[in-house]
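For reference, the structure discussed in these notes is given below.
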Amino acid sequence: MMKTLSSISLSLSLSLVAMATPNWPTQRGPHFNGTAGEGMKLPAKFSPTENVVWKAQVPGSSAATPVVWGDYVFVTAADHEKKELHAICLDASTGKLRWSKVVSKGRVHLDDRSDFASPSPVTDGKRVAFFFGTGDLIVFSMDGKEEWRKNLIPEGGKYFAFQWTFSTSPILSGDNLIMQILQRDVPFHYGGMSRGPEGATKIPSYLVAFDFATGKQSWKADRPGDAVAESLEAFTSPVLSRTADDGGNLQLLVAGGDALTGHDPTNGKELWRWGTWNPTKIGHWRLVPSPVAGSGVALACAPKKSPVYAVDMKTGKLLWKSEDPEVSSDVCTPLYHDGHFYVLNGEYKDKRISCIEPRSGKVLWTGAIGTRAKIEASPTLGDGKIYFQDHNGKVFVVAADPKKFSILHQVEFGDRSVRDQRCSLALANNRVFLRSQKTLYCFGE
């Protein structure tokens, strides 16, 4: 069937947008799928001394992905010694500090696995939003002026109804800043602390949108789940995707509470729901990987070495689930590029990455990364290369080739005595940005 003139124009327009997107404005990049804009030239090889454009010290740790727009790079930090949370802006060309704000003082973590600085910022080039596990959502102008802030923890509570340290990253859809709060439905105590508002009989999970410029609430929608206990909790972030690569309706995808749902991003209305990967209602299946979509297929990764599930975004019906135990992810969010999903299994033996056809679920190849360290950073892709790091700060570069698996480069950055490297790499403006402990590196040819 011949394409209509309007569909050809739409395809051309989307291609031009992709070509003209050198920035990395969100946790999962400009297209919400882990893939950078087209046309960039990124280094395959680098080290602490090779192809380094600059490196900058930051005041604390974070699992957040750096966010880049033009000459601005935004990062978060938790200073555990001073007990401070920081929102930071660096010059993306030089690494020099543009501004740094202490957004809160006091407790910076609830456990020894993560801290309140784990969510990634988001920007549209006019302003930038930071969210922290304290519940604080803060919007700054690009020059560091605070424009508005809100705390999203319900009145009467000190923390979200969440067992570990709450983390989800904000996203932008048009003029709206969208947040996802998926938590338990009743208050409880864990680690000697109360989680959720004391005395509440029902705590909702929900989606909420604020006008990015003013902070005024645009809409709020309940997002219930049939899960129980910790399985209601999700570290995931919502993503936007169209129902077809060459167009289609824009949907907001949400994974958590033992279900994957598609929503109208203009009002949060649920369009379809698929579930579940947890039919026996196991109570400790918290969800970490965010959904990813491409070719009209939304992918959700069930936890704890369970399968990956693919759902048709138009019908909400299951297309396939992975049968090979190597194709699984407990933490890493997969990526989509050029008609293929890439699923990184950071828990399996020597760690595996697989290339998969979206509609059939056919595994084209699975390759062994060859590290004993756990991988929790999500893979990112640009210029035909896939980048990620393991817990010890060893960085891997894999060819984004659907025909064969090959490792192009691997290099040590971390300290093997510290096992908490979770940051994904950002790819923007012909540069690779790597967060390693308290150092932010920028690499280029």
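The values are calculated or read from the model by the stated rules, or taken from the named source; none is laboratory data. This is a predicted model, so every value here is computed, not measured. Positions of Cβ are backbone-derived with ideal geometry, glycine not excepted, and every protein chain shown enters the neighbour counts.
Grab the strands (runs of 3 or more DSSP E) fully contained in segment 350-416, keeping just those with 2 or more residues being over 24 Å from MET40 (Cβ atoms).
Those strands (runs of 3 or more DSSP E) span 352-356, 363-368.
Looking only at segment 262-294, which residues are closer than 24 Å to GLU357 by Cβ and in contact with a Lys or Arg (Cβ under 9 Å, 6 or more places away or on another chain)?
Those that are closer than 24 Å to GLU357 by Cβ and in contact with a Lys or Arg (Cβ under 9 Å, 6 or more places away or on another chain): GLY262, TRP272, TRP274, TRP277, SER290, VAL292, ALA293.
Scan (1) more than 18 Å from the chain's Cα centre (by Cα); (2) modelled with pLDDT of 95 or more for the single condition GLY275 breaks and write down its number.
The number of the failed condition is (2).
Quick check: anything in segment 43-54 part of a loop (DSSP other than H, G, I, E, B), farther than 22 Å from SER290 by Cα, at pLDDT below 65 and not basic (Lys, Arg)?
no
If you check PRO334, PRO358, which single one turns out to be surrounded by fewer than 24 Cβ atoms within 10 Å (Cβ to Cβ) and touching a strand residue (DSSP E or B) at 6+ places or on another chain (Cβ under 6 Å)?
PRO358
Please go through (1) at negative phi; (2) at pLDDT below 95; (3) surrounded by fewer than 16 Cβ atoms within 10 Å (Cβ to Cβ) for PRO197 and return the number of the only condition it doesn't satisfy.
(3)
Mind checking whether some residue in segment 252-271 is more than 26 Å from SER120 (Cα to Cα), more than 14 Å from the chain's Cα centre (by Cα) and assigned to a strand (DSSP E or B)?
Looking through segment 252-271, at least one residue is more than 26 Å from SER120 (Cα to Cα), more than 14 Å from the chain's Cα centre (by Cα) and assigned to a strand (DSSP E or B).
Of the conditions (1) within 20 Å of GLY248 (Cα to Cα); (2) in contact with a Phe, Trp or Tyr (Cβ under 8 Å, 6 or more places away or on another chain), PRO291 clears all except one; give me its number.
(2)
Is it the case, given these coordinates, that ARG431 is farther than 21 Å from ASP115 by Cβ, basic (Lys, Arg) and touching a strand residue (DSSP E or B) at 6+ places or on another chain (Cβ under 9 Å)?
Yes.
Name the single residue that is nearest to ASP338 (Cα to Cα) among those in segment 230-258 being surrounded by fewer than 22 Cβ atoms within 10 Å (Cβ to Cβ) and not charged (D, E, K, R).
ALA244
Does segment 200-220 hold any residues that are out of contact with any Pro (no Cβ under 8 Å at 6 or more places or on another chain), of a type outside the set (S, T, N, Q) and surrounded by fewer than 23 Cβ atoms within 10 Å (Cβ to Cβ), and which are they?
LYS202, TYR206, VAL208, ASP211, ALA213, GLY215, LYS216, TRP219, LYS220
Since GLY144 meets every condition but one in (1) closer than 16 Å to ILE88 by Cβ; (2) touching a helix residue (DSSP H, G or I) at 6+ places or on another chain (Cβ under 9 Å); (3) small (Gly, Ala, Ser), which condition does it not meet?
Among (1) closer than 16 Å to ILE88 by Cβ; (2) touching a helix residue (DSSP H, G or I) at 6+ places or on another chain (Cβ under 9 Å); (3) small (Gly, Ala, Ser), the lone unmet condition for GLY144 is (2).
So which residues in segment 285-300 are within 21 Å of ALA227 (Cα to Cα) and either part of a loop (DSSP other than H, G, I, E, B) or free of Cβ contacts under 8 Å to residues at least 12 places away in the same chain (or both), if there are any at all?
TRP285, ARG286, VAL288, PRO289, SER290, PRO291
I'm told ASP324 meets every condition in (1) buried (at least 24 other Cβ atoms within 10 Å of the Cβ); (2) in a loop (DSSP other than H, G, I, E, B) except one. Can you identify the failing condition by its number?
The failed condition is (1).
Would a scan of segment 64-75 turn up a residue that is at pLDDT below 95 and farther than 27 Å from CYS332 by Cβ?
no
So if I check each of GLY225, GLY215, GLY199, which one is part of a loop (DSSP other than H, G, I, E, B), under 22 Å from the mean Cα position of the chain (by Cα) and either under 25 Å from LYS269 (Cα atoms) or among the small types (Gly, Ala, Ser) (or both)?
One residue alone meets the criteria, GLY225.
Residues are listed down the side, and each one gets a yes or a no for (1) of a type outside the set (S, T, N, Q); (2) without any contact (Cβ under 8 Å) to a residue 40 or more places away in the chain; (3) on the phi > 0 side of the Ramachandran plot:
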{"residue": "ALA368", "(1), (2), (3)": "yes, yes, no"}
{"residue": "GLU376", "(1), (2), (3)": "yes, no, no"}
{"residue": "ASP420", "(1), (2), (3)": "yes, no, no"}
{"residue": "SER424", "(1), (2), (3)": "no, no, no"}
{"residue": "ARG431", "(1), (2), (3)": "yes, no, no"}
{"residue": "SER436", "(1), (2), (3)": "no, no, no"}
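Checking the conditions here, which among LYS394, LYS385, LYS403 is surrounded by fewer than 24 Cβ atoms within 10 Å (Cβ to Cβ), touching a Gly at 6+ places or on another chain (Cβ under 9 Å), among the basic types (Lys, Arg) and at negative phi?
The unique qualifying residue is LYS394.
With respect to the numbered conditions (1) under 17 Å from PHE443 (Cβ atoms); (2) touching a Ser or Thr at 6+ places or on another chain (Cβ under 8 Å), which one is the sole condition not fulfilled by PRO358?
The failed condition is (1).
Every residue, every condition in (1) surrounded by 19 or more Cβ atoms within 10 Å (Cβ to Cβ); (2) under 15 Å from SER169 (Cβ atoms), yes or no:
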residue: SER62; (1), (2): yes, yes
residue: ASP71; (1), (2): no, no
residue: ALA78; (1), (2): yes, no
residue: LYS105; (1), (2): no, no
residue: ASP112; (1), (2): no, no
residue: VAL122; (1), (2): yes, yes
residue: PHE130; (1), (2): yes, yes
residue: ARG149; (1), (2): no, no
